[in-house]
Amino acid sequence: MASFVIYDYIVFCLTIVVSLGIGVYYAFAGQKTTSDYLVGGRQMKVLPVAVSLMVSFESSIMMLGFPAETYKYGMMFWLSNFGFLVACLLATRMVVPLVHPLNITSINEYYEMRYKSRHVRLLNLVFGCINYIFYMGIVLFGPGIALESVTNFPMWASTLVVAVAAVIYTSIGGIKAVIWTDVFQSVVMFMGIFAILIKGTMVAGGVSKVYEYNKNTGRLDMFNFDPDPTIRHTFWSLVVGGCLRMVSLFIGQTTIQRVVSTPTQKDANRVLYLAGPAFLVTLTLATLEGAVAYGFFSSLGCDPLKSKQISNPNQVLPFMVLKIFEELPGMSGLFMASLFSASLSTLSSGLSSLSALAIEDIVKPNFKTLSEKSITLIAKISVVIVGALCVGISFLIAKIKGPMSQITFSVLSAFWGPASGLFLFSVFCPWGNAKGAIIGTLLTAVIGMWLTSGQNFSTTLKRTPGLQPGPTDKCYDLPTLGNATGNITDTPLDLTSSWTDYYSNYMETTTESVATSYQRPQGLDRFYSLSYQWLTGFLIIVSLILCSTVSIIVGRPDPATVDVRYMLPFFDQFFPFLPQKIRKKLYGGVPFELREEMLQKMNVWNYEKSIEDTDVNGKLMDETKELSDTKTELSPLTRTADNSNSQSVNVQMLNSSRENGLG
């Protein structure tokens with residue numbers, strides 16, 4: 001088998017070195033305050049933030065899991081990309097307009113403001129930490145298993161390499177280092193993806209051959225409109241269920257941190273408008289890699305999974321890379337560099353997010369006398385601690401079988417679902433209270449953990465088999481396939497058992513040996529067989545029902561007393577074409593018509609506070625007078641709510657100041 005050569009190691013190591021170099025640079029530049037370290041002083045540019053947000057979601061899960069999914073189950077999974085795109089657009093209507101004006105760093109700050117309860121804040125903090133640590137553990141697992149399959153480098157060692165590199169440049173460079181390394185790593189990642197697609201297609205015989213191999217085995221059959229939620233993939237589960245699942249990504253700390261790092265709300269929306277389509281393109285390319293891999297191995301006449309050359313579908317892509325680039329030294333290293341770049345970007349984003357959570361939700365509320373220098377030091381130490389936890393989780397994740405995409409979505413839904421439900425409940429349900437939020441979310445989490453545990457560890461639940469594997473008639477000299485020589489032509493193996501099992505479950509066959517009828521799961525297995533694509537959506541619905549029920553039982557608040565700064569009017573956000581009179585009636589007595597005015601007053605107060613907190617060095621003294629004059633002109637906002645003409649002028653001036661980063 002082909003393996004890494006010196007050029008591959010050089011290309012691979014250069015990626016790690018450049019990433020570390022960016023971290024070192026930002027360790028000595030632009031880190032004057034904790035705000036600089038956590039949110040880039042809230043002055044980051046749109047394009048790098050959009051790229052960073054995009055690659056934060058594009059880890060080894062995408063680089064290995066999506067091709068593995070396509071290779072084994074077909075292209076239907078690609079439809080889930082549209083769910084992500086819709087969720088990205090929804091975030092501009094329910095995340096940005098809520099979070100950006102509040103001038104917060106941690107999403108958990110919002111929950112304390114919303115419910116006037118620190119307990120809700122701590123509850124979501126726990127959920128967020130568990131979610132990120134498990135997610136990053138899965139991300140770490142990917143490069144390890146890939147590098148082990150192509151170089152025999154131990155998984156534990158490569159896992160440590162990724163973790164240590166990400167911990168170093170994140171801890172010393174902060175969010176600016178994370179964002180700019182993401183930009184660099186995105187370039188490397190795209191280079192690797194395009195190299196694989198172009199070379200793999202050429203070796204497989206061209207686009208027509210790749211298309212033919214995939215079409216003949218049903219891998220291009222993408223539209224199944226069956227409403228049965230237990231079917232692994234359907235149009236509804238991938239698009240609708242995928243959209244609900246992706247909501248969790250946009251309420252996570254990684255997204256929130258980037259939204260608030262931009263100077264204006266319009267900039268935050270632009271980030272999402274750019275990240276959504278870019279993510280769609282990237283995931284499309286990753287899915288096509290799986291189709292190219294199937295075409296390539298079919299052209300060789302030797303499926304590596306069925307011939308036991310590899311043991312895990314997540315190893316398909318790296319195994320193919322060694323084959324197609326055997327005569328091009330350095331290209332295999334480029335692929336591994338792109339894979340590690342994808343994982344580094346996600347891992348560093350997660351580490352930065354958890355560092356922000358540690359500071360904003362634990363350190364600052366409990367240790368108010370600490371200096372900026374001490375707080376920043378604690379943030380850096382927290383990155384190291386979290387990195388160590390993620391390494392431990394990655395070794396546990398390695399025990400779960402299946403494509404990384406399925407592992408991620410099924411395992412993490414137990415946390416994504418309740419957290420997403422809590423957010424939607426808090427934003428759109430004015431009858432909610434702290435007790436309802438806490439009890440409903442905890443009950444939903446229990447249901448989620450029970451369901452996901454059953455799906456992953458049930459011994460009686462039948463897994464959905466993959467599609468027809470590739471041919472194996474040209475596999476020669478393979479290691480230990482049932483006889484001493486390992487020659488598959490001498491001792492044929494039953495390499496099609498999974499294929500015949502699949503069709504025996506779903507259709508009649510003429511082969512007597514496999515003519516069995518499909519039986520639906522019974523008892524709890526019927527419950528466990530819910531498609532992993534529906535898990536988050538199902539738990540969101542459960543959360544909304546339980547949180548609402550408990551809130552109503554313990555006593556809903558008076559609608560007129562609800563603080564509308566921390567909520568959004570549902571019909572205004574998603575049905576703005578309705579007449580204003582109708583939308584106002586749908587408020588249910590909640591004074592949403594006062595929301596903008598209250599936010600404007602809060603921004604004026606924040607602006608005044610920023611004047612008081614200006615650097616004592618006097619570097620901003622020249623701007624202080626200009627800002628003070630602006631404040632004087634804006635102050636009528638707090639006094640003349642009934643003067644519509646004056647208010648209109650003041651609102652325009654305030655918005656102008658906010659666009660310039662003054663608010």
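The values are calculated or read from the model by the stated rules, or taken from the named source; none is laboratory data. Predicted, not measured: the structure shown is a model, and the values here were computed from it. Here the Cβ is made from the backbone with ideal geometry for all residues, glycine too, and neighbour counts use every protein chain on show. Ligands, DNA and RNA are excluded from the accessible area calculation, which covers all protein heavy atoms including side chains. Shrake-Rupley method; radii C 1.70, N 1.55, O 1.52, S 1.80 Å.
Go through region 421-426 residue by residue and turn each phi into a ³J(HN,Hα) via Karplus (6.51, -1.76, 1.60, θ = phi - 60°); whole Hz please, and just put x for glycine and proline.
Each residue of region 421-426 in turn: x, 4, 5, 5, 5, 5 Hz.
Given a Förster radius of 60 Å and the C-beta distance between LYS585 and ILE6 as r, what FRET efficiency does 1/(1 + (r/R0)^6) yield to the nearest 0.05?
0.25
In whole Hz, what ³J(HN,Hα) sequence does region 5-19 give by Karplus (6.51, -1.76, 1.60; θ = phi - 60°), x for Gly and Pro?
10, 4, 5, 5, 5, 5, 4, 5, 5, 4, 4, 5, 5, 5, 4
Kindly write out, for region 82-88 in residue order, the coupling ³J(HN,Hα) from the Karplus curve 6.51 cos²θ - 1.76 cosθ + 1.60 (θ = phi - 60°), rounded to whole Hz, with x marking Gly and Pro.
Result, ordered by residue: 5, x, 5, 4, 5, 4, 5 Hz.
Using R₀ = 22 Å, calculate the FRET efficiency as 1/(1 + (r/R₀)^6) where r is the Cβ-Cβ separation of SER208 and VAL281; round to 0.05.
It comes out at approximately 0.45.
Once ligands and nucleic acids are excluded and a 1.4 Å probe is used, how much of THR464 is accessible, expressed in Å² to the nearest 10?
50
Using only the Cα atoms of region 277-338, build the gyration tensor, take square roots of its eigenvalues as a ≥ b ≥ c, and label the shape rounded, prolate or oblate: rounded if a/c is under 1.5, else prolate if a/b is larger than b/c, else oblate.
Since a/c reaches 1.5 but b/c is at least a/b, the shape of region 277-338 is classed as oblate.
Return the ratio Rg/(2.2 N^0.38 Å) for region 235-298, where Rg is computed over Cα atoms only.
Rounded to two decimals, the normalised Rg is 1.48.
What Kirkwood Rh does region 247-372 have if only Cα atoms enter the pairwise 1/r average? Answer in Å.
18.4
Once the other residues with Cβ under 13 Å from the Cβ of ASN366 are scored (Lys, Arg +1; Asp, Glu -1), what is the net sum?
+2
On a C-alpha basis, how far is the centre of region 54-128 from the centre of region 280-312 in Å? Whole number, if you could?
Here the two parts' Cα centres lie 29 Å apart.
Suppose the chain between ARG93 and CYS13 were pulled fully straight at 0.36 nm per residue; how much longer would it get relative to their current alpha carbon spacing?
Result for the pair: 24.6 nm of gain on full extension.
Which of the three applies to region 182-334, rounded, prolate or oblate, going by the alpha-carbon gyration tensor with a ≥ b ≥ c and a/c under 1.5 meaning rounded?
Oblate shape, in that a/c is at least 1.5 and b/c is the bigger or equal ratio.
Can you compute the modelled spin-label distance between ASP473 and ILE545, with each label point 7 Å from Cα toward Cβ, in nm?
Result for the modelled spin labels: 5.3 nm.
Would you mind counting up the charge near ASN108? Only other residues with Cβ under 11 Å from its Cβ, with Lys and Arg at +1 and Asp and Glu at -1.
Around ASN108, the charge tally is -1.
Can you work out the FRET efficiency for the pair ALA157 and PHE190, with r the C-beta to C-beta distance and R0 = 22 Å, to the nearest 0.05?
Calculated transfer efficiency: 0.20.
Which translational diffusion coefficient, to the nearest whole µm²/s, is obtained for region 306-351 from the Stokes-Einstein equation, given a Kirkwood hydrodynamic radius over C-alpha pairs, 37 °C and 0.692 mPa s?
Stokes-Einstein gives a translational diffusion coefficient of 272 µm²/s.
Within a Cβ distance under 15 Å of ASN433, other residues only, what is the Lys/Arg minus Asp/Glu net charge?
+3
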